[in-house]
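Peer 1: Take this structure first; my questions come after.
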Amino acid sequence: MTASAEVSAVPPFQLERSPGSLIFRVSAGKAVRSGLAWGAVYGIMVASAALSYVSIYPHQAQRDQLELLFGSNHAASALFGPGNQLQTVAGFTVYKVSMTLMILGAIWGILLSTRLLRGEEDAGRMELLVAGQTTRPRATAQVLVALGLAVSALWAVTALVTVVTGRSSSVVFRVGPSLFFAVALSASALMFLAVGAVTSQMAATRRQASTYGAIVLGVSYAIRMLADSGAGLDWLRWLSPLGWVEILQPFTDPQPLALLCIAGFTIGLSILAVHLTGLRDLGSSTFRDRSHARAKLGLLRRPLGLSARLLRPSIIGWIVAVVLSALLVGFVAKAAGQVIRGSSVEQILARLGATSSGANSYLGMAFLILAVLVAFVAANQVTAVRGEESGGRLDALIARPVSRVSWLGGRTALGASVVAAAGLLAGLFAWLGVLSQSGGVSLGPLMKAGVNIVPPGLCVLGLGIAVFGLFPRLTTKAVYGYVAWSLLIEIVGGIGAVNHVILDTSVFHHMAPAPAVSPNWTAGMVMAAIGCAGAGAGLFAFRSRDLKSE
Amino acid sequence: MLKNEVAVATHRLTKRYGSIDALADLDLEIAAGEIFGYLGPNGAGKTTTIRLLLGLARPTEGSATVFGMDCWSDAVEVHRRVSYVPGDVNLWPSLTGFETLSLLGNVQGRVDVDYRDDLIARFGLDVSKKVRAYSKGNRQKVVLIAALMSRPDLLVLDEPTAGLDPLMEQEFRRCVHEAKARGQTIFLSSHILSEVEALCDRVAILRDGRLVEVGTLSEMRHLSSVTVEVTVAGDVPDLSQVEGVTAVQVAGQRIHCQVQGSIDPLLRALSAVPVTSLLSREPSLEELFLALYGEDRGERRAS
């Protein structure tokens, strides 16, 4: 047989479209979906801020007072960024959402980037892809392009919602400035995607890479905070990525020059990430990994101790987030209370039974945000439970003399304890914040407000355990989806009329806005009871089903 | 453990996933102290059987008992007497090897500490290393040591030597022999047929979720042909028409053939010529396995 005959004897096979860009296509699918979802969150927050401003501060006098109180308040500027032209819808919207979305976007950027780079490497999937028709630096470059597309998706959705919101006669945002505002809101996500790409090369695990990214974010926030503190350190803003975003000042006084810093930072870090990929072996890290450690056996006597040890970093992270948020809420309560005095918010709260006003009213609204955080703490506990099963690690415990009920019961009790601790600490630290400003709200009502946000968390935890028991593969989507749905209902419900039945599906809708009004302990007990029933159903179902990995 | 005790018994054990029978009507009995090999190609139902025996999955029909206790309803009691080495090792990446062994020992409730330390030395495992830094083979060593160190009455091993180098495989075989000498029962699911052949007292073979053969190797010899090599002094007889004789190959005075069933017809055919040598070799487990599945594949192609 001749060589050509041998070749022609090979059966035809289907060729991959373009094998060299496979990694880009795999990453882009995941990244763009995430970008679109977050774009929707950004859009809802922008629309909510603009429309609620129009609704809460309908009179120019109220708007002027807002500008007077917050426009030159250096303490508030240090925390939330400078407030410019707060007597306008545009100025207030920028002030209201910029810092929150800047930080959320940065966290999203770090998590997405480390997931698609270091996370894929940790899971061994990158090895399979890099073994194809590409090189490691090219693979990193392809992921970076996919991440760029994700930010484009985020920008597009944010811009669309901002433009549409701006067409309202009471809001009025022009198209050009709206698009620039969307650029400013997406900028921190873009920069921190690049930060995550570099830390993914430096760190040995995804968790480490995310931690390094969080450190960069923390330093960046602290520098910006100093710059905005009114101590004559405004120039420091040029040393912080978050400072560059502030300098853009969309709507009020646009400074597009700062975009050069943002673009330079992003491109520079992206090139560095690709370069570092080429300098190391696949699976290794630029920083030397601590692969050896001294044994610490303290918590490893029982499965519950193991859970506590494994969850310790994330529990501490969530508790710190709740505590800092509560401290900030307390810190600004006095000033914010003066602004909303006599506004429609107070009228709504009065209809709900509020007898006090000012700081109490503001805190009543602000504890809803803390309740959302506590609900996310609960959702995180549920997904950690599912993670042990889907990762196959639970087999190693359940194949030993460990009953399913004791394992899941222990995890549920641990989750409930974390939720309760988060609520109580929120009350305590909100009081400390209020105390620092002589805000005039005592410890008792704030501790009750802290207890008041625990039942929604317990409800989410219990319902999440029920889904875990009955439909384990849906756990993560269902539990985070429910918290996001509840939040959405609250936001949309705050803007306009929403059907009562739909409002009732939100776990936050049943929570009294304490300390503005007295906590509704009956509703709290009902939510806690629903949580207990859900947990019970989950335990029962888990006892009778197969263990299911991914 | 009582003498003549039944370690594992299944009765019409069945597991269905939707319309797929992962395991169907499995009847099995394994005596205490036995090393039992469990064979089958990928997807035959081996891991499903193990998950049912460990109570990680619930039978659709039928039942399974370990030392007389039901694998599903008495799972915790069963697990006090069982240790398991999974085929796909998933451990906690942030724990070190020693922390993992301590945790699993504490959870199991009993550990022979001297034996554990001996096993760590024999397998050459660096227990101060974090699990995420271990190679596949080293992760396999951790779960092997974790299973052996509690000296359970029943060891359930699912592909236990995957990722181990040949020296470590030998060490594993020594550990299994030691376990048998102590009276422990071993349920060994493996693709390494030489390992099963070297270690197991009895073997079961699964196909498409059904048990097709079970017995000692000698009892299973009928599944495959005996290989015969004959050297004759005179004319080479025509053996192609002899009952049970196949694959006849002639090279000079030497004849090579396969004999299925009784060897008598071949001996009668050879009685007419002077035979200078006659060698026969029984089939290895690999030949038995291939014969069984080769037949199956042939049937499938034909259908």
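The values are calculated or read from the model by the stated rules, or taken from the named source; none is laboratory data. Owing to the predicted nature of the structure, the values given are computational and were not obtained by experimental measurement. FYI the Cβ positions are ideal-geometry reconstructions off the backbone, even for glycines, and counts take in every protein chain you see.
Peer 1: What number of residues within the range A:291-316 are more than 8 Å from chain B (Cβ to nearest Cβ) and more than 18 Å from A:GLN381 (Cα to Cα)?
Peer 2: Within the range A:291-316, residues that are more than 8 Å from chain B (Cβ to nearest Cβ) and more than 18 Å from A:GLN381 (Cα to Cα) number 2.
Peer 1: Turning to a different aspect of this structure: Yes or no: A:ARG309 outside the structural domain of A:HIS74 (by TED's automatic domain parsing), without any contact (Cβ under 8 Å) to a residue 24 or more places away in the chain and surrounded by 17 or more Cβ atoms within 10 Å (Cβ to Cβ)?
Peer 2: Yes.
Peer 1: In the set A:ARG17, A:ARG63, A:ARG25, which member is farther than 17 Å from A:SER188 by Cα, at pLDDT below 85 and not aliphatic (A, V, I, L, M)?
Peer 2: After applying the criteria, what remains is A:ARG17.
Peer 1: Could you list, ordered by first residue, the pairs with Cβ atoms under 7 Å in which the first is in the range A:119-139 and not assigned by TED's automatic domain parsing to the domain that holds A:ALA197 and the second is not polar (S, T, N, Q), at least 6 apart or interchain?
Peer 2: Listed by first residue and then by second, the contacts come to nothing, as the list is empty.
Peer 1: A further question on this structure: So, in the range A:401-416, exactly how many residues are surrounded by fewer than 18 Cβ atoms within 10 Å (Cβ to Cβ) and part of a loop (DSSP other than H, G, I, E, B)?
Peer 2: 1
Peer 1: Let me ask something additional. Return the residues of the range A:238-266 that are in contact (Cβ under 8 Å) with a residue 12 or more places away in the chain and over 24 Å from the mean Cα position of the chain (by Cα); say none if nothing qualifies.
Peer 2: Within the range A:238-266, A:TRP238, A:LEU239, A:PHE251, A:THR252, A:ASP253, A:PRO254, A:PRO256, A:ALA258, A:LEU259, A:CYS261 meet the criteria.
Peer 1: Do you know which of the residues in the range A:141-156 that are among the β-branched types (Val, Ile, Thr) and buried (at least 22 other Cβ atoms within 10 Å of the Cβ) is nearest to the chain's Cα centre (by Cα)?
Peer 2: Among those residues, the one meeting the criterion is A:VAL151.
Peer 1: A follow-up question, please. So, A:ALA533, is that one over 16 Å from A:ALA375 (Cβ atoms) and within 14 Å of another protein chain (Cβ to nearest Cβ) or not?
Peer 2: For A:ALA533, the condition - over 16 Å from A:ALA375 (Cβ atoms) and within 14 Å of another protein chain (Cβ to nearest Cβ) - is not met.
Peer 1: Could you check the range B:75-157 for helices (runs of 4 or more DSSP H) lying wholly inside it with 1 or more residues that are at pLDDT 95 or above, in contact with a Pro (Cβ under 7 Å, 6 or more places away or on another chain) and among the acidic types (Asp, Glu)?
Peer 2: No helices (runs of 4 or more DSSP H) qualify here.
Peer 1: Consider A:GLY337 carefully, then state whether it is assigned to a loop (DSSP other than H, G, I, E, B) and at pLDDT below 85.
Peer 2: It is false that A:GLY337 is assigned to a loop (DSSP other than H, G, I, E, B) and at pLDDT below 85.
Peer 1: Moving on. Of the residues B:ALA44, B:ALA24, B:ALA31, which is under 18 Å from B:ASP201 (Cβ atoms) and of a type in the set (A, V, I, L, M)?
Peer 2: Just a single option satisfies the conditions, and that option is B:ALA31.
Peer 1: Among the numbered criteria (1) among the polar types (S, T, N, Q); (2) more than 8 Å from chain A (Cβ to nearest Cβ); (3) touching a residue at least 40 places away in the same chain (Cβ under 8 Å), which one does B:GLN108 miss?
Peer 2: Looking at each condition in turn, B:GLN108 falls short on (2).
Peer 1: Sticking with this one: Return the only residue of A:ALA150, A:ALA184, A:ALA141 being touching a Gly at 6+ places or on another chain (Cβ under 9 Å), at pLDDT 90 or above and part of a helix (DSSP H, G or I).
Peer 2: Going through A:ALA150, A:ALA184, A:ALA141 in turn, just one is touching a Gly at 6+ places or on another chain (Cβ under 9 Å), at pLDDT 90 or above and part of a helix (DSSP H, G or I): A:ALA150.
Peer 1: Counting only residues that are within 7 Å of another protein chain (Cβ to nearest Cβ) and either touching a residue at least 24 places away in the same chain (Cβ under 8 Å) or closer than 30 Å to A:ALA204 by Cβ (or both), how many does the range B:72-93 have?
Peer 2: 8
Peer 1: Right, here's the next one. Mind checking which residues of the range B:114-152 are over 20 Å from B:ARG173 (Cβ atoms) and more than 13 Å from chain A (Cβ to nearest Cβ)?
Peer 2: B:ASP114, B:ASP117
Peer 1: So which of A:VAL219, A:VAL172 is assigned by TED's automatic domain parsing to the domain that holds A:SER72 and part of a helix (DSSP H, G or I)?
Peer 2: Matching residue, one of A:VAL219, A:VAL172: A:VAL219.
Peer 1: While we're here: Go through the range A:157-169 residue by residue and tally those that are basic (Lys, Arg) and assigned to a helix (DSSP H, G or I).
Peer 2: Of the residues in that region, 0 qualify.
Peer 1: Considering only the range A:444-466, I want to know if a residue exists there that is under 27 Å from the mean Cα position of the chain (by Cα), buried (at least 24 other Cβ atoms within 10 Å of the Cβ) and outside any helix (DSSP H, G or I).
Peer 2: Checked the range A:444-466: at least one residue is under 27 Å from the mean Cα position of the chain (by Cα), buried (at least 24 other Cβ atoms within 10 Å of the Cβ) and outside any helix (DSSP H, G or I).
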